[in-house]
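Take a look at the structure below.
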Amino acid sequence: MAGADTSSPLIASRADLIEAMERGSKPADQWRIGTEHEKHVFHTNPLRPVAYEGENGIRALLDGIEKETGWHPFYDGENPIGLRNDEIAGGISLEPGGQFELSGSPMSDIHGTAAELAEHMRVSKKVAAPLDIHFLGLGVTPIWSVDEIETMPKSRYAIMTDYMGKVGSLGTSMMYRSATVQTNLDFASEADMVKKLRVSLALQPVVTALFANSPFADGRDTGYLSFRSHIWLNTDNGRTGMLPFVFEDGFGFERYADYALDVPMYFIIRDKQYINVAGESFRDFLAGQLPQLPGEKPTIKDWEDHLSTIFPEVRLKQFLEMRGADMGDEAHVVALSAFWTGLLYDEISLEAAWELVKNWTEEDRDYLRREVPRLGLATPFDRSSIFDVAAQTVGIAEAGLVRRNRRDARGRDETVYLSPLEETIRTGKSPAERWLDKFRGEWNGDILPIFSEAEL
């Protein structure tokens, strides 16, 4: 198997596929909180997207942060495409359109998450300021089309861009002009994973409504509160969605592995080069029948790479990834992790959340995912609106954080980080609706002020 990742063993049986996820199980005292967020980047003089090369480009930003932090660059060919902090397992990477992503370190509490984010933004803005690079906290770029945004030099993105044109109408918009914030959480066992996955999948549309922050695209009001979430409805139905099989009796790691085997592949990596296998079957790969590498069989690393190319509303790897929220300001980034931690890391809250959603049907969940991007908290549901569910879940999360009782140096517990959501519940308006009020009022129909007001 010349050129394969020789540090990764061959897949010997179906048990290896399952074990790649199951080994994430850990006792509650080892559970951690990971927060990832993507920031759009732009220049102001003149207003335009940021290219990769050039004295004021993304590469220069990476170089400056490397010097400031001592983090180590990693490459695609000769191009640095991110930085790793090997000491605490954090890192910076580039999304296809230059969205600048922090993959946060696993934290024991939300106070650590908040401190990490504050330090990351301090360093990033310090380096970016002389380059006239600015960061925008929105779910979708408000004015630029896909064609106006330069592709970052990552080989996998060329493969994905070509394939996206074959499987959905807005896949390249997802890649190049959307940005999200994501919370990653642990599970104790298969049963714990199943319960957490069911609760979090059912509630992703509620989170989309609470964090809706992308009403604009192409210089106009799109008619959606989360245009980012609408984009995902039109990306690639073979690897996205609400995973109805998760709610079926008998669901567990094996059933998820069966699902993943049927998700078309994007690429495999050999000799640090990406081989385009877009649309091919991992089942065929297991049988040594991949047309691009006849007779060769996959390694565990190949399977783990494949799992990372699946994009449901909640993704299962060795932890659970919550994927339903638009990028927002710093307070909303931390609030997302506080919300999910309060719901899923406290047994009483987890059970209360399950009671709230357990009788929802597949049709209910699909309806919410379909309608929430447009209607947000006002989406009609169960003789009222999804607002009522959102208010209940914020309350359940708050109670969970109170019971966790993790205090910072000032004696505050983690409930302080829910304040952005409490404001949304108090006013009944998501961030997107507040932007629309300004757009229709003090901005007089001009979108450009959002570049200063939503700047991080």
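Things worth noting here:
- Expressed as a whole percent, the accessible area of the stretch 319-456 that falls on carbon and sulfur atoms is 48 (1.4 Å probe).
- Zero-based 5 Å bins, Cα pair distances in the stretch 274-313, whole percents: 6, 22, 32, 26, 8, 3, 1
- Note on the chain: Kirkwood radius taken over Cα pairs, Stokes-Einstein applied at 10 °C and 1.306 mPa s, translational D equal to 70 µm² s⁻¹.
- Phi to ³J(HN,Hα) by Karplus 6.51 cos²θ - 1.76 cosθ + 1.60 over the stretch 290-299, Hz, x for Gly, Pro: 6, x, 6, 9, x, x, 8, 10, x, 9
- Legend: translational diffusion of the stretch 96-157 by Stokes-Einstein, Rh = Kirkwood radius over C-alpha pairs, 37 °C, 0.692 mPa s; D = 233 µm²/s.
- Per-selection Rg to Rh, the stretch 311-363 - Cα, Kirkwood hydrodynamic radius: 1.00
- Relative to its Kirkwood radius, the Cα radius of gyration of the stretch 34-120 gives an Rg/Rh of 0.99.
- Loop-located GluC sites (Glu not before Pro) in the stretch 357-456 (DSSP state not H, G, I, E or B) with no more than 12 neighbouring Cβ atoms inside 10 Å: 442.
- Accessible surface, per residue, of the chain when the full set of protein chains is kept, probe 1.4 Å, Å²: 39
- For the stretch 216-327, alpha-carbon Rg over 2.2 N^0.38 Å: 1.26
- Here the accessible area of the stretch 121-199 is 53 percent carbon and sulfur, with a 1.4 angstrom probe and all protein chains present.
- Loop-located chymotrypsin sites (Phe, Trp or Tyr not before Pro) across the stretch 31-81 with a Cβ neighbour count of 15 or fewer within 10 Å are lacking, with loop assigned by DSSP.
- Carbon plus sulfur fraction of accessible area for the stretch 1-112, probe 1.4 Å, in percent: 48
- Eigen-decomposition of the gyration tensor built on the alpha-carbon atoms of the stretch 50-195 gives equivalent ellipsoid semi-axes of 25, 23, 15 angstrom, largest listed first.
- Farthest positive-ward along the chain dipole, Cα basis, beta-carbon charges - from 393, 57, 232: 393
- Relative contact order, percent, the stretch 143-217 [alpha-carbon distance under 8 Å, six or more residues apart]: 33
The values are calculated or read from the model by the stated rules, or taken from the named source; none is laboratory data. Keep in mind the model is a prediction, meaning the values are calculated, not measured. When we count neighbours, we look across all protein chains shown, and the Cβ atoms used for this are built from the backbone with ideal geometry, even at glycine. Ligands, DNA and RNA are stripped out before the accessible areas are found, and what is left, the full protein with its side chains, is counted by its heavy atoms. Shrake-Rupley method; radii C 1.70, N 1.55, O 1.52, S 1.80 Å.
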